[in-house]
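Peer 1: What follows is a structure written as structure tokens; I'll ask about it next.
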Amino acid sequence: MIDVRNVHRRFGQIHAVRGVSFTVHKGEAIGLLGPNGAGKTTTIRMITGALPPTSGQVRIDGFDTLGQAMQARRRIGYLPETTPVYPEMRVTEFLRYRAVLQGVPRRDRRSAVDCVVEQCWLRDVQQRRVGDLSKGYKQRVGLAAALLHDPPVLVLDEPTSGLDPAQIAQTRRLFRSLAKGRALILSSHILGEVERTCDRVVVIMGGEVKLTGNVAELARGDSLRCVLEVKTNDSAVLRSALSATPGLRAINAEPVVNDPAWMHAVIETTGDGDVRERVAVAMRDAQLLVRELRTVERSLEDRFMQLIEEPAATSDNISSDEKTVAPA
Amino acid sequence: MNVIVAIALREFKAFFRTPAGWVVSALFSLLCAIVFLTGFLPGEPATMRSFFVLAGWLSLLIAPAISMRLIAEEYRTGALETLSTAPISDWQVAIGKFLGGSACFVAMSLPTFVFVAALAGTANPDYGPIIGGYIGLWLLGVALIAIGLFFSTVTRNQVAALLSTVFFVILTQVAATIVARAADGAIGAWLSAPLYTLSLAPRMDDFAKGVIDTKHVAFFLAAAIWFTSMSAIVMEARRWR
């Protein structure tokens with residue numbers, strides 16, 4: 001449905017998007033993830049045709065967003081980051097106006113508006129002025145407007161920013177139901193959001209795709225972490241005690257904040273099997289008292305944080321333009 | 001066509017749903033009324049000539065106040081993003097906006113029909129110059145709205161749009177009057193003649209006399225079409241920036 005092929009975008013000197021490629025199939029929801037300024041919005045704007053790519057191509061249902069712009073645009077429902085509403089209009093009036101813009105035939109307009117009002121829980125506010133609505137409701141009005149022409153492709157840029165937790169849970173369910181039979185792209189810098197709504201993630205950083213994969217697979221992770229609390233106030237003691245234990249990659253030890261006699265350590269393992277037994281044996285041999293020892297599965301969040309932190313940790317190896325922040 | 005009408009209609013409604021719209025149109029009515037009443041005396045000729053001449057000059061400031069929000073506002077609120085991703089062309093947007101702004105201008109001049117009624121009630125006016133005057137005023141307004149639309153397209157700030165429109169209009173008027181007159185004697189007609197043609201408000205004098213000169217009609221319409229087209233082209237070009 002959505003086919004992004006080696007898309008680049010420059011803004012003058014800034015190379016905001018550098019060769020992004022991915023595809024989204026019908027019935028699939030993908031999350032576009034990345035820190036602020038990573039190029040998410042630029043990528044999304046190129047998908048929706050708001051911005052032409054400097055090079056590369058985006059096809060929507062086979063239609064090129066530049067050469068066959070009208071056909072492509074007719075198939076997209078787009079909710080931009082800043083919800084575009086006219087404050088002086090009433091909700092249904094605004095939706096009718098948008099229905100005309102989207103090319104919904106006159107005879108279908110009323111039912112289309114009724115349908116999205118129902119879908120986005122706007123019935124109670126349909127006669128209110130859009131400008132008087134809360135941010136959450138405005139966001140839903142924007143979403144309703146994007147759904148008017150029942151588009152096969154739905155593109156949502158940070159759709160839950162500004163919503164309260166109850167609304168976020170509600171909208172998430174809505175997104176899941178919307179993804180059925182459609183291709184859905186959702187951008188976010190909040191990982192939990194993507195984790196819960198999407199099948200697949202595409203992580204964009206510095207204008208490049210850094211990671212792409214199935215949410216379930218990524219979340220399962222390949223390596224495990226182990227948390228350990230032992231009675232010592234010297235991290236060197238702990239390190240030397242574990243130095244001979246195989247399968248450990250890194251040890252990050254800090255005294256427990258309110259209880260400095262104890263050391264809290266997070267052990268990164270190489271991922272081949274459970275290390276708890278080996279750690280326990282090492283602690284016994286070193287005569288250290290253990291009060292906690294457990295494994296922690298690495299979540300998608302950890303992968304994501306690791307990706308974000310990696311360039312910072314090895315910033316010496318990265319040329320300065322690599323870190324250029326693209327305008328959102 | 002549907003889309004153009006929808007855009008124009010939304011623009012028209014929005015103008016009269018904001019306080020700014022009513023303030024601008026009240027100001028216009030008030031100033032026109034003052035000028036009209038100074039000539040509305042026993043013994044004076046029952047004409048609206050002085051009103052039309054003043055309304056023409058006033059339009060140079062009033063029309064930009066209507067046109068400033070046309071695109072700049074959409075740009076600021078991010079609503080332009082939906083217009084540029086909807087299956088409509090930038091030309092439809094530009095033409096819709098132009099028609100909406102023009103309708104606002106015409107609507108704003110409607111309260112001045114009271115003056116016509118007042119004249120008709122107290123004297124026996126010649127309706128030719130009055131009809132001509134309104135046609136001229138509306139044509140002038142339409143041309144100014146198109147100029148304003150263009151400046152509203154180039155900036156995302158409404159105040160900048162207003163100021164650059166007013167500045168542009170005043171500059172052309174200075175060129176068409178003071179500079180042209182000076183050039184007439186010192187340099188020659190090859191320079192002054194084209195400068196004279198830039199004049200906007202002075203063309204109202206002929207309309208107010210009841211003369212509907214095709215030269216003026218063509219000038220205003222050409223200005224409207226040219227600047228509306230330029231706005232559409234700028235909107236198309238801006239995607240690439």
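Peer 1: Name every residue in segment A:93-123 that is more than 31 Å from the chain's Cα centre (by Cα) and away from every other protein chain (no Cβ under 14 Å), in order of residue number.
Peer 2: A:Arg110, A:Ser111
Peer 1: Considering A:Arg106, A:Arg74, A:Arg128, which residue is assigned by TED's automatic domain parsing to the domain that holds A:Pro152, farther than 24 Å from B:Ser89 by Cβ and modelled with pLDDT of 90 or more? I'd like the intermediate steps shown before the answer.
Peer 2: Details: A:Arg106 fails: farther than 24 Å from B:Ser89 by Cβ; A:Arg74 fails: farther than 24 Å from B:Ser89 by Cβ.
Residue meeting the stated conditions: A:Arg128.
Peer 1: Only one residue in B:Leu80, B:Leu27, B:Leu41, B:Leu9 is of a type outside the set (S, T, N, Q), under 17 Å from B:Phe150 (Cβ atoms) and either surrounded by fewer than 17 Cβ atoms within 10 Å (Cβ to Cβ) or at the interface with chain A (Cβ under 10 Å from one of its Cβ atoms) (or both), so which one is that?
Peer 2: Details: B:Leu27 fails: under 17 Å from B:Phe150 (Cβ atoms); B:Leu41 fails: under 17 Å from B:Phe150 (Cβ atoms); B:Leu9 fails: under 17 Å from B:Phe150 (Cβ atoms).
Within the list B:Leu80, B:Leu27, B:Leu41, B:Leu9, the selection yields B:Leu80.
Peer 1: Taking interchain pairs and intrachain pairs at least six residues apart, which have beta carbon atoms under 8 angstrom, with the first residue in segment A:193-219 and free of Cβ contacts under 8 Å to residues at least 60 places away in the same chain and small (Gly, Ala, Ser) and the second assigned to a strand (DSSP E or B) and crowded, with 16+ Cβ neighbours inside 10 Å?
Peer 2: A:Gly213/A:Arg200; A:Gly213/A:Val201
Peer 1: How many residues, within segment A:249-298, are touching a residue at least 40 places away in the same chain (Cβ under 8 Å) and not hydrophobic (A, V, I, L, M, F, W, C)?
Peer 2: Within segment A:249-298, the subset touching a residue at least 40 places away in the same chain (Cβ under 8 Å) is A:266-271, A:274-276, A:279, A:282-283, A:285-286, A:288-298.
Narrowing the set further to residues that are not hydrophobic (A, V, I, L, M, F, W, C) leaves A:268-271, A:274, A:276, A:285, A:291-292, A:294-295, A:297-298.
Residues flagged as touching a residue at least 40 places away in the same chain (Cβ under 8 Å) and not hydrophobic (A, V, I, L, M, F, W, C) within segment A:249-298 amount to 13.
Peer 1: Please specify each residue of segment A:241-250 satisfying the condition of being surrounded by 12 or more Cβ atoms within 10 Å (Cβ to Cβ) and more than 38 Å from the chain's Cα centre (by Cα).
Peer 2: Listed by number, the list holds a single entry, A:Ala241.
Peer 1: When you scan segment B:130-153, how many residues do you find that are surrounded by fewer than 17 Cβ atoms within 10 Å (Cβ to Cβ) and more than 14 Å from the chain's Cα centre (by Cα)? Quick ask: steps written out before the conclusion?
Peer 2: Start the filter on segment B:130-153 by keeping residues that are surrounded by fewer than 17 Cβ atoms within 10 Å (Cβ to Cβ), which leaves B:131, B:135.
Among the residues that remain, those that are also more than 14 Å from the chain's Cα centre (by Cα) are: B:131.
Selection size over segment B:130-153: 1.
Peer 1: So, A:Asp64, is that one out of contact with any Ser or Thr (no Cβ under 9 Å at 6 or more places or on another chain), of a type in the set (D, E, K, R) and away from chain B (no Cβ under 13 Å) or not?
Peer 2: Working: out of contact with any Ser or Thr (no Cβ under 9 Å at 6 or more places or on another chain): yes; of a type in the set (D, E, K, R): yes; away from chain B (no Cβ under 13 Å): yes.
For A:Asp64, the condition - out of contact with any Ser or Thr (no Cβ under 9 Å at 6 or more places or on another chain), of a type in the set (D, E, K, R) and away from chain B (no Cβ under 13 Å) - is met.
Peer 1: I would also like to ask the following. Do we find a residue being within 14 Å of chain A (Cβ to nearest Cβ) and assigned to a helix (DSSP H, G or I) anywhere in segment B:216-235? If you could, list the steps in order and put the result at the bottom.
Peer 2: Initially, segment B:216-235 is screened for residues within 14 Å of chain A (Cβ to nearest Cβ), giving B:235.
Those still in the list that are assigned to a helix (DSSP H, G or I) too: B:235.
The answer is yes, given that some residue of segment B:216-235 is within 14 Å of chain A (Cβ to nearest Cβ) and assigned to a helix (DSSP H, G or I).
Peer 1: Which numbered condition in (1) crowded, with 19+ Cβ neighbours inside 10 Å; (2) more than 29 Å from the chain's Cα centre (by Cα) is the only one that A:Gln126 fails?
Peer 2: Among (1) crowded, with 19+ Cβ neighbours inside 10 Å; (2) more than 29 Å from the chain's Cα centre (by Cα), the lone unmet condition for A:Gln126 is (1).
Peer 1: Take B:Arg49 and decide whether it is surrounded by fewer than 20 Cβ atoms within 10 Å (Cβ to Cβ), in contact (Cβ under 8 Å) with a residue 24 or more places away in the chain and touching a helix residue (DSSP H, G or I) at 6+ places or on another chain (Cβ under 8 Å). Please lay out each step first, then the result.
Peer 2: On the way: surrounded by fewer than 20 Cβ atoms within 10 Å (Cβ to Cβ): yes; in contact (Cβ under 8 Å) with a residue 24 or more places away in the chain: yes; touching a helix residue (DSSP H, G or I) at 6+ places or on another chain (Cβ under 8 Å): yes.
The answer is yes for B:Arg49.
Peer 1: OK, next. Pick from segment A:40-57 the residues that are more than 12 Å from chain B (Cβ to nearest Cβ) and touching a residue at least 60 places away in the same chain (Cβ under 8 Å): which of them is surrounded by the fewest Cβ atoms within 10 Å (Cβ to Cβ)?
Peer 2: Within segment A:40-57, the first condition is being more than 12 Å from chain B (Cβ to nearest Cβ), and the residues that meet it are A:40, A:42-43, A:55-57.
From what's left, touching a residue at least 60 places away in the same chain (Cβ under 8 Å): A:40, A:42-43.
Working: A:Lys40: 29, A:Thr42: 25, A:Thr43: 30.
It comes out as A:Thr42.
Peer 1: Of B:Arg239, B:Arg156, which residue is surrounded by fewer than 22 Cβ atoms within 10 Å (Cβ to Cβ), basic (Lys, Arg), within 14 Å of chain A (Cβ to nearest Cβ) and in contact with a Leu (Cβ under 8 Å, 6 or more places away or on another chain)? Lay out the reasoning, then the answer.
Peer 2: Working: B:Arg156 fails: in contact with a Leu (Cβ under 8 Å, 6 or more places away or on another chain).
Answer to the selection: B:Arg239.
Peer 1: Within segment A:58-72, can you find the residues that are farther than 20 Å from A:Phe22 by Cβ and surrounded by 17 or more Cβ atoms within 10 Å (Cβ to Cβ)? Let's see the steps before the verdict.
Peer 2: Pass one, segment A:58-72, residues farther than 20 Å from A:Phe22 by Cβ: A:67-71.
The one that is farther than 20 Å from A:Phe22 by Cβ and surrounded by 17 or more Cβ atoms within 10 Å (Cβ to Cβ): A:Ala69.
Peer 1: Something else about it: Applying the selection to segment A:57-79, what residues are part of a helix (DSSP H, G or I) and of a type outside the set (S, T, N, Q)? So that I can check it myself, show each step before the final result.
Peer 2: We begin by selecting, within segment A:57-79, every residue part of a helix (DSSP H, G or I); these are A:69-74.
Result: A:Ala69, A:Met70, A:Ala72, A:Arg73, A:Arg74.
Peer 1: Just the residues that are more than 14 Å from chain A (Cβ to nearest Cβ) and without any contact (Cβ under 8 Å) to a residue 12 or more places away in the chain, please, taken from segment B:83-113.
Peer 2: B:Leu110, B:Phe113
Peer 1: Is it true that some residue in segment B:187-205 is within 14 Å of another protein chain (Cβ to nearest Cβ) and either modelled with pLDDT under 80 or crowded, with 17+ Cβ neighbours inside 10 Å (or both)? Steps first, please.
Peer 2: Pass one, segment B:187-205, residues within 14 Å of another protein chain (Cβ to nearest Cβ): none.
No, that holds for no residue.
Peer 1: Does A:Thr48 satisfy the condition of being among the β-branched types (Val, Ile, Thr) and closer than 17 Å to B:Ser89 by Cα? Outline the logic, then answer.
Peer 2: Values: among the β-branched types (Val, Ile, Thr): yes; closer than 17 Å to B:Ser89 by Cα: yes.
Here the answer is yes, as A:Thr48 does meet what is asked.
Peer 1: If you don't mind, there's one more thing I want to ask. Return the residues of segment A:265-279 that are surrounded by 14 or more Cβ atoms within 10 Å (Cβ to Cβ) and over 15 Å from A:Ala236 (Cβ atoms); say none if nothing qualifies.
Peer 2: Step one: filter segment A:265-279 for residues surrounded by 14 or more Cβ atoms within 10 Å (Cβ to Cβ), giving A:265-271, A:275-276, A:278-279.
Matches in segment A:265-279: A:Val266, A:Ile267, A:Glu268, A:Thr269, A:Thr270, A:Gly271, A:Val275, A:Arg276, A:Arg278, A:Val279.
Peer 1: Just checking, which of A:Val153, A:Val116 is out of contact with any strand residue (DSSP E or B) (no Cβ under 6 Å at 6 or more places or on another chain) and at pLDDT 90 or above?
Peer 2: On the way: A:Val153 fails: out of contact with any strand residue (DSSP E or B) (no Cβ under 6 Å at 6 or more places or on another chain).
Exactly one of A:Val153, A:Val116 is out of contact with any strand residue (DSSP E or B) (no Cβ under 6 Å at 6 or more places or on another chain) and at pLDDT 90 or above, namely A:Val116.
Peer 1: Let me ask another. Would you point out the residue of segment A:172-211, among those that are among the acidic types (Asp, Glu) and not in a helix (DSSP H, G or I), that is nearest to A:Arg75 (Cα to Cα)?
Peer 2: So the first thing to find is which residues in segment A:172-211 are among the acidic types (Asp, Glu), and the list is A:193, A:195, A:199, A:208.
With the extra rule that they be not in a helix (DSSP H, G or I), the set shrinks to A:199, A:208.
Values: A:Asp199: 21, A:Glu208: 26 Å.
That would be A:Asp199.
Peer 1: Consider B:Ala8 carefully, then state whether it is under 30 Å from A:Val104 (Cα atoms), small (Gly, Ala, Ser), in a helix (DSSP H, G or I) and in contact with a Leu (Cβ under 6 Å, 6 or more places away or on another chain).
Peer 2: Details: under 30 Å from A:Val104 (Cα atoms): yes; small (Gly, Ala, Ser): yes; in a helix (DSSP H, G or I): yes; in contact with a Leu (Cβ under 6 Å, 6 or more places away or on another chain): yes.
So B:Ala8 fits the description; yes.
The values are calculated or read from the model by the stated rules, or taken from the named source; none is laboratory data. Quick caveat, the model's predicted, so the values are computed rather than measured. Using ideal geometry, Cβ is built from the backbone for each residue, glycine included, and neighbour counts are taken over all protein chains shown.
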